[in-house]
Amino acid sequence: MTQTIVESKTKTAIIGFDQPFCVIGERINPTGRKALAAELEVDNFSTVEADAIAQVAAGATMLDVNSGAVFKNKMAEDPRYADNNFVEPPLMKKLIELVQSVVDVPICIDSSVPEALEAGLAACEGRPLLNSVTGEEERMETILPLVKKYNVPVVAISNDDTGISEDPEVRFAVAKKIVERAADHGIPAHDIVVDPLVMPIGAMATAGLQVFELVRKLRMELGVNTTCGASNVSFGLPNRHGINGAFLPMAIASGMTSAIMNPVRPQEMEAIRAANLLMNNDPHGAAWIAANKPPVVEGEAPRGARGGRESRRRRRA
């Protein structure tokens with residue numbers, strides 16, 4: 001079975017076909033979060049710290065750390081801040097160091113800037129997941145040597161120089177090209193986690209069917225693990241969490257092994273725990289039972305505790 005190993009300083013997470021679904025927390029990302037970007041611009045990392053702690057408490061296996069912030073005020077004062085190559089590397093270093101100081105889970109280093117990816121790799125303890133490489137020639141020739149140098153797994157996104165195709169066969173071909181090019185660099189398939197790209201179901205009625213078939217094909221023909229931006233499927237529709245909560249178990253049943261998502265949404269996390277149980281990736285149902293235990297009222301014994309003690313006394317009598 002294909003297994004992708006990611007590590008923090010003391011913890012190991014395994015992405016694999018026979019493993020519980022890997023939840024990659026998406027919240028540490030200033031893209032589209034103006035308030036967070038404004039905080040980061042003045043070196044205020046309180047939201048990052050709170051988001052890291054909350055996501056791990058909610059059940060995240062790994063945390064995605066994205067440094068794509070726009071510093072509008074600094075940009076007005078210094079034109080260098082309009083360049084992501086200038087902004088992102090030092091910001092990524094700060095984010096990684098902060099996250100590692102408050103939680104101990106593996107990290108997914110997320111940036112389109114190669115220098116930021118390398119800054120994150122240098123700051124990371126353990127074996128992070130790198131996010132990402134695409135099928136664009138320049139991107140592959142820049143990122144794959146970095147993956148090999150640091151001996152880390154990488155997310156491979158199924159788009160190339162022609163953009164994102166609506167044809168799932170084209171997206172599969174791009175993924176295959178990346179896997180083959182990675183092999184040329186000495187990077188094994190088990191260190192490639194393919195993102196087949198989930199289209200919004202509101203814009204493409206077959207988006208769900210496409211990604212389920214793609215995941216099955218990627219597993220059977222390339223033997224790779226898979227991931228996605230789970231919330232993309234519901235973009236633009238009402239009750240997005242209802243759609244996401246249905247999509248995730250269906251993707252898991254098709255063979256998807258991880259997703260970049262918001263773990264603090266209980267609807268999605270409950271769906272994942274149930275899917276793990278039904279896919280026999282929750283030994284003895286331990287995680288499901290632990291997550292669904294009734295709360296213990298202060299001053300009362302846990303439910304069943306008294307009966308258990310009385311039963312033992314009766315047996316000894």
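Annotations for the structure displayed:
- Measuring nothing but how far apart in sequence close Cα pairs (under 8 Å, 6+ apart) lie, relative to its length, the chain scores a relative contact order of 18 percent.
- Here the range 1-49 is treated with +1 on each Lys and Arg Cβ and -1 on each Asp and Glu Cβ, and its dipole about the Cα centre works out to around 80 debye.
- Rounded Å value of the spacing that divides the Cα centres of the range 1-42 and the range 224-242: 16 Å
- Using only side-chain charges placed at the Cβ, +1 for Lys and Arg and -1 for Asp and Glu, the dipole size of the chain relative to its Cα centre rounds to 2100 debye.
- The 3J(HN,Hα) values that the Karplus relation (6.51, -1.76, 1.60; θ = phi - 60°) gives for the range 251-258 are, in residue order, 5, 5, 5, 7, x, 5, 10, 7 Hz. Gly and Pro appear as x.
- Relative contact order, whole percent, for the range 47-148 stands at 27, derived from Cα pairs under 8 Å and 6 or more residues apart.
- Seen against the Cα atoms of the chain and their longest principal axis, helix 207-217 is set at about 90 degrees.
- Centre-to-centre separation between the Cα atoms of the range 279-294 and those of the range 137-154: 37 Å.
- For the range 148-302, Kirkwood radius (reciprocal of mean inverse C-alpha pair distance, Å): 17.1 Å
- Ranking 85, 116, 73 by Cα position along the charge dipole of the range 67-177, where only Lys, Arg, Asp and Glu carry charges on their C-beta atoms, puts 116 farthest toward the positive end.
- Cα lying deepest toward the dipole's positive end in the chain, options 222, 30, 16, charges on Cβ: 16
- Nearest 10 degrees, 0 to 90: helix 305-316 Cα axis against the chain principal axis: 50 degrees
- Taking the range 132-235 and dividing mean pair separation by its residue count, relative contact order in percent (alpha carbons under 8 Å, at least six apart): 26 percent
- Along its three principal directions, the equivalent ellipsoid of the range 71-136 from the Cα gyration tensor extends over semi-axes of 23, 16, 8 Å, largest first.
- With the charge dipole of the range 137-178 set up from +1 on Lys and Arg Cβ and -1 on Asp and Glu Cβ about the Cα centre, the Cα lying farthest toward the positive end among the listed residues 152, 165, 142 is that of 152.
- For the chain, the antiparallel share of DSSP beta bridges with both residues in that region comes to about 20%.
- Backbone amide hydrogens, once placed in the peptide plane, bring residue 132 within less than 5 Å of 111, excluding anything fewer than 5 places away on its chain.
- Largest accessible area first, the listed residues 222, 91 line up as 222, 91 when surface is computed with a 1.4 Å probe on the assembled protein chains.
- Shape analysis of the chain yields a ratio of the Cα radius of gyration to the Kirkwood radius, Rg/Rh, of 1.02.
- In degrees, nearest ten, helix 46-58 long axis to first principal axis of the chain (Cα): 50 degrees
- Taking every protein chain into account, the 1.4 Å probe leaves residue 71 with about 10 Å² of accessible area, to the nearest ten.
- Considering only the range 1-81, percent of DSSP beta bridges that pair antiparallel, nearest 5: 60 percent
- Each residue of the range 219-235 was assigned a 3J(HN,Hα) from its phi angle through the Karplus curve 6.51 cos²θ - 1.76 cosθ + 1.60 (θ = phi - 60°); the sequence is 5, 6, 9, 10, x, 10, 6, 9, 8, 6, x, 4, 6, 4, 4, 9, 4 Hz, with glycine and proline shown as x.
- Excluding ligands, DNA and RNA, the accessible surface per residue across the range 118-206 is 41 Å² with a 1.4 Å probe.
- Note that the range 177-221, at 20 °C in a medium of 1.002 mPa s, gets a Stokes-Einstein diffusion coefficient of 180 µm²/s from its Kirkwood radius over C-alpha pairs.
The values are calculated or read from the model by the stated rules, or taken from the named source; none is laboratory data. This one's a predicted model, so the numbers in the text were calculated from it and none came from an experiment. Every residue, glycine among them, receives a Cβ derived from its backbone with ideal geometry; neighbour counts consider all protein chains shown. Please note that ligands, DNA and RNA were not included when accessible areas were found on the heavy atoms of the full protein model with its side chains. Shrake-Rupley method; radii C 1.70, N 1.55, O 1.52, S 1.80 Å.
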